[in-house]
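The values are calculated or read from the model by the stated rules, or taken from the named source; none is laboratory data. Because the structure is predicted, anything quoted here is derived from the model rather than measured. With ideal geometry, Cβ positions are generated from the backbone for all residues, glycine too; neighbour counts draw on all protein chains shown. To get the accessible areas, we keep the full protein, side chains included, count just its heavy atoms, and leave off ligands, DNA and RNA. Shrake-Rupley method; radii C 1.70, N 1.55, O 1.52, S 1.80 Å.
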Amino acid sequence: MTHTPRRIVFATNNLHKLDEIRSIVGDNFEILSLKEIGCNEDIPETGSTLDENSLIKARYVRTHYGYDCFADDTGLEVEALSGAPGVRSARYAPGPGHDSQANMELLLRNMADKANRRARFRTVITLITDEGERQVEGVVEGTIARTPSGEGGFGYDPVFVPEGEQRSFAMMSAREKNAISHRGRAVEALLPLLNNL
């Protein structure tokens, strides 16, 4: 008898995030994107914290499309910038959309004269099923490099060096990054909840 993976929606159309999540979760679940369920609207992220935005996105999918789902929100929290960009990480630089290059350049400009380079990536995931709403998080501590390095990853990966490493996230293979990343850790916390569904 063949095993049919359970379908669950990950409230994103970010292909990088989808690939990361699918590689961590494995074959027990069929992870659907927003596009794959016909959700093409831009879900408003009006929360003032990562926890709130994650909850808003998951509730939107559950309410409008009826699927079991989970949503994440991730922020880069830089100590010398009082936790910025934080909840604004994807829209840190002025202008329309999510311009990763502009965000990274603005961060490096704002950090130019800072001796304290400590930062952390934090991911909050909200899971909504018939059993209710639950949240988990993953955190990775590190520092902000003075110049970008590496070709892999996305977002701030070229300037984030995780604790205990000399390399940026962008210099690591997907497997290496997933093993220690904030999203990897949040998904590891999510897996027991998924496996109990």
Practice problem: Considering only DSSP beta bridges where both residues belong to the stretch 2-99, give the percentage that are antiparallel (nearest 5). | Solution: 25
Self-check item: Theoretical FRET efficiency, 1/(1+(r/R0)^6), r = Cβ-Cβ of Arg22 and Glu141, R0 22 Å, to 0.05
Solution: 0.25
Exercise. Enter the Cα centre distance for the pair the stretch 147-197 and the stretch 34-107, rounded to the nearest angstrom.
Key: 17
Quiz item: With the chain treated as a Gaussian network of Cα nodes joined by springs under 10 Å, which of Pro148, Pro96, Pro158 yields the largest mean-square fluctuation?
Solution: Pro96
Practice problem: Compute the Cα gyration tensor for the stretch 108-197, then decide on rounded, prolate or oblate, letting a ≥ b ≥ c be the square roots of its eigenvalues: rounded whenever a/c is under 1.5, prolate when a/b is larger than b/c in the other cases, and oblate in all that remain. | Solution: prolate
Quiz item: Met171: accessible area at probe 1.4 Å, nearest 10 Å²?
Solution: 90
Quiz item: Which loop chymotrypsin sites (Phe, Trp or Tyr not before Pro) in the stretch 123-175, with loop taken from DSSP, have no more than 16 other Cβ atoms within 10 angstrom of their Cβ?
Solution: Phe154
Quiz item: Which is the longest part of the chain that has none of the GluC sites (Glu not before Pro) sitting in a DSSP loop with at most 12 other Cβ atoms within 10 Å?
Solution: 42-130
Quiz prompt | Segment Asn110-His64, extension gain: residue separation times 0.36 nm, minus the distance between their alpha carbons | solution = 12.6 nm
Practice problem: Treat each spin label as a single point 7 Å out from the Cα along the C-beta direction, and report the Asp130 to Arg175 distance in nm. | Solution: 3.8
Self-check item: Of Cys69, Ala115, Pro162, farthest towards positive along the dipole that unit charges on Lys, Arg, Asp, Glu beta carbons give the chain
Solution: Ala115
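Taking only complete DSSP H runs, can you tell me which helices of the chain stretch 18 Å or more along their own long axis by Cα positions and average at least -1.0 on the Kyte-Doolittle scale?
50-65, 182-195
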Quiz item: What trypsin sites (Lys or Arg not before Pro) does the stretch 20-122 have in DSSP loop regions with at most 16 other beta carbons within 10 Å?
Solution: Arg88, Lys114, Arg117
Quiz item: List the lysines whose alpha-carbon lies under 24 Å from that of Lys57, not counting same-chain residues fewer than 8 positions away?
Solution: Lys17, Lys35
Self-check item: Rounded if a/c under 1.5, otherwise prolate or oblate - the stretch 76-129, Cα gyration tensor axes
Solution: oblate
Quiz item: Roughly how big is the chain's charge dipole about its Cα centre, with Cβ charges of +1 (Lys, Arg) and -1 (Asp, Glu), in debye to the nearest 20?
Solution: 300
Quiz item: How many Å² of accessible area per residue for the chain, probe 1.4 Å?
Solution: 51
